[in-house]
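Notes follow the structure.
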Amino acid sequence: MDLEERAGVPFPAMSPAARVSSIVSKYAHYGITPQVIPELVPQTPMPTKRIDFQTGTDLSYVTELARANGFVFYLDPGPAPGTSRAYWGPEVRLGVPQHALSVNMDALSNVDQLTFAFDGTAREQPEARVQSQATRVSQVLDVPEVSTFRPPLARRPAPALKKKVLGGTAKKDGPQAYAEVVAKAMESADAVSGSGQLDVVRYGYLLRPRELVGVRGAGLTYDGLYYVKSVTHNLQRGSFTQNFTLAREGLTARSSTVVP
C-alpha cells in the first residue's frame, strides 16, 4: 500500500469512509478484509461544490484521512492464516481489559519496569472558524468534550491549558472543519503516558496493542485502566520480553479494581 503513488484519483460524492473502503477493497486478493467505521462527523460533499482527489500512496492517503477524523488505521493479522483485517476507525477503548500489569507487589509483580509521565500542557483547545459562502460571515465552531466521542479512562481528565487556532478552516465546508476540530481535540487529549518492559513468562500472556489493560501497584494517581498504544517484541535465546507504551487522558482510576 505504500509502494505506488496514485496522484489525481477522484472520489466524487464519497465520504472519507467510502473512500477508504474503495481503496482497501483493491487488496482483497492479499486476504485483507476491510473494517471501516463511518466517520464521527458525516462528510459527503456535493460534486457540484467539491471533488476530493487522492494524493500520495494508498497507505499515506488512508492514514491522512484517519488522522483528519481522529481515527487510526492499521492491519490486524488473522483470524485465519494468510488473512488480515484492515481497521479504519476510532481507537477501541471499550471491552474486557487484558490481565493487569502489577508493580511494587513483591512476588506478584509481573513488570520489570514501568514509569509514568503527566504532561499538564499536552491537551489543547482547538479553535476553528468557518465562513458562510452565501453571506461571507464567519463564526467560531464549538468544540465538544472528547468524552462525547470516546469513553474516559480516568476520573480527573487533564484540563486544556493551551489554545490552538487552526488555519485554513474558513475555506472548508462546515462538516469538514468540524471534523478537523474534533480530531485535533482527540489527538492531544492523552496527558498521561506510561512506558515499561515485561517478561512474557512472568506475565503469563502476550500483551496486545490497541486494547485496554489495567495497572495496579503504581499508586492511586496512576492505577487503573490504560489504552495500550504500542507493543514491541524482543526475542532472544531463552528470553522473550515486551516493551510497551500506555496512554490515557488524566489521573486517578474510575474503578477501584482491575482484572487480575
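The values are calculated or read from the model by the stated rules, or taken from the named source; none is laboratory data. Just so it is clear, the structure is predicted and the values come from calculations on it, not from any experiment. Note that we place each Cβ from the backbone using ideal geometry, even for glycine, and neighbour counts take in every protein chain shown.
Brief remarks follow.
- Residue ID - nearest to residue 63 (Cα to Cα), chosen from residues in the stretch 150-169 that are surrounded by 15 or more Cβ atoms within 10 Å (Cβ to Cβ), free of Cβ contacts under 8 Å to residues at least 60 places away in the same chain and out of contact with any Pro (no Cβ under 8 Å at 6 or more places or on another chain): 169
- Residue 141 meets all of the listed conditions (1) surrounded by 15 or more Cβ atoms within 10 Å (Cβ to Cβ); (2) in contact (Cβ under 8 Å) with a residue 40 or more places away in the chain; (3) within 22 Å of the chain's Cα centre (by Cα) but one, namely (3).
- A count restricted to the stretch 170-192 and to residues that are basic (Lys, Arg) and buried (at least 22 other Cβ atoms within 10 Å of the Cβ) stands at 0.
- One residue stands out among those in the stretch 109-136 that are touching a residue at least 24 places away in the same chain (Cβ under 8 Å) and of a type in the set (S, T, N, Q): the one that is nearest to residue 195 (Cα to Cα), which is 115.
- Options 1, 105: the member that is surrounded by fewer than 17 Cβ atoms within 10 Å (Cβ to Cβ) and more than 18 Å from the chain's Cα centre (by Cα): 105
- Sole exception among (1) touching a Phe, Trp or Tyr at 6+ places or on another chain (Cβ under 6 Å); (2) in a loop (DSSP other than H, G, I, E, B) for residue 62, by number: (2)
- Flag if residue 28 is under 22 Å from residue 181 (Cβ atoms), assigned to a helix (DSSP H, G or I) and hydrophobic (A, V, I, L, M, F, W, C): no
- Of all residues in the stretch 19-29, exactly one satisfies the criterion of being surrounded by fewer than 16 Cβ atoms within 10 Å (Cβ to Cβ) and in contact (Cβ under 8 Å) with a residue 12 or more places away in the chain, namely 26.
- Residue match in the stretch 165-180 (condition: touching a helix residue (DSSP H, G or I) at 6+ places or on another chain (Cβ under 6 Å), assigned by TED's automatic domain parsing to the domain that holds residue 240 and at pLDDT 85 or above): no
- Residue list for the stretch 211-260, restricted to those being among the polar types (S, T, N, Q), part of a strand (DSSP E or B) and over 18 Å from the mean Cα position of the chain (by Cα): 234, 236, 239, 241, 242, 243, 252
- Tabulated pairs, the stretch 53-74, first under 12 Å from residue 23 (Cα atoms), second in a strand (DSSP E or B), C-beta under 6 angstrom, 6+ apart or interchain: 54/9; 57/5; 61/54; 62/73; 63/73
- Total residues in the stretch 31-46, condition among the β-branched types (Val, Ile, Thr) and outside any loop (DSSP other than H, G, I, E, B): 3
- Of residues in the stretch 219-235 being of a type in the set (A, V, I, L, M) and surrounded by 19 or more Cβ atoms within 10 Å (Cβ to Cβ), the one farthest from residue 90 (Cα to Cα): 225
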